[in-house]
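Comments concern the structure below.
Readers should treat all values here as calculations from the given coordinates under stated rules, not as data from a laboratory. Quick caveat: nothing in here was measured; it's all calculated off a predicted structure. Counting neighbours? That spans all protein chains shown, and the Cβs are built from the backbone with ideal geometry, glycine included.
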Amino acid sequence: MKRLILGLFLLVFLPLSANEKIVALTFDDGPWLKQTEKILKILDKYKVKATFFVLGCQVKRYPEILRKIVKQGSEIGNHTYYHPDLTKLKNKQIKKEVLETEKLIKKIVGDSVKLTYFRPPYLSINKRVEKVLNSLGYKVIMQTIDSNDWYYARKKDGSKLIVKRVLRLIDKSNKDKEIIVFHDGGGNRKATIQALPIIIKELQKRGYKIVSLKEILKN
Ligand SMILES: [Zn+2]
């Protein structure tokens, strides 16, 4: 009988575990003084890693914070130098935005840090821009869940609104793989920082494993 129960247990639960729900956390527009470091501390506390889509102009300002991201074990992605809408730029200008950022990042953290992920500013992209990015060796990473944290940052109870939105969208989407976009830079991100631990705990409660982009993109 015991063996039968064990057999049934394996039959029911093994396929489920093979279909594990995974989620990647991403942060745009940094590095940003204090805010990025606070986020890194939260990630450390919950033993998770994220991907930071950094801007060249911010990296230039805060190279030390970029080093801290790498030290924490999170990944770095390219988010251009000055945050332009790439669909409005010529190919040559797009390349300049991307390659200058790449050069600067590599100068600070070394060649060993792989730069393969790119997120377009304003999430604005078209086929032409994507082709240019691919020709530079980048994979465009969009989002499945947009936290809208930059918008809620100005609202009273902004952190609660961010938590509510992310969890509502996650429940509604009900996919096995999600990529959530937040912002560590671009303005005051107090609401994002307050929302983050609650979101991490709730995602884990819902059975999501927080993983790197590499793992999300594997299959
Ligand atoms: Zn951005």
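In the chain, the longest principal axis of the Cα atoms and the axis of helix 2-18 are about 20 degrees apart. Straightening the chain between residue 202 and residue 175 buys 8.2 nm, computed as 0.36 nm per residue apart minus the Cα-Cα spacing.
Using Cβ point charges alone (K and R +1, D and E -1), the dipole size of the chain about the Cα centre works out to roughly 160 debye. Against the chain, whose longest principal axis comes from its Cα atoms, helix 63-72 is set at around 20 degrees. For the chain, modelled as a GNM whose springs connect Cα atoms under 10 angstrom apart, the maximal fluctuation among 153, 24, 50 occurs at 153. Springs join every pair of Cα atoms under 10 Å in this Gaussian network model of the chain, and among 133, 123, 40 the largest mean-square fluctuation is at 123. Pairwise Cα distances in the chain exceed 25 Å in 41 percent of cases.
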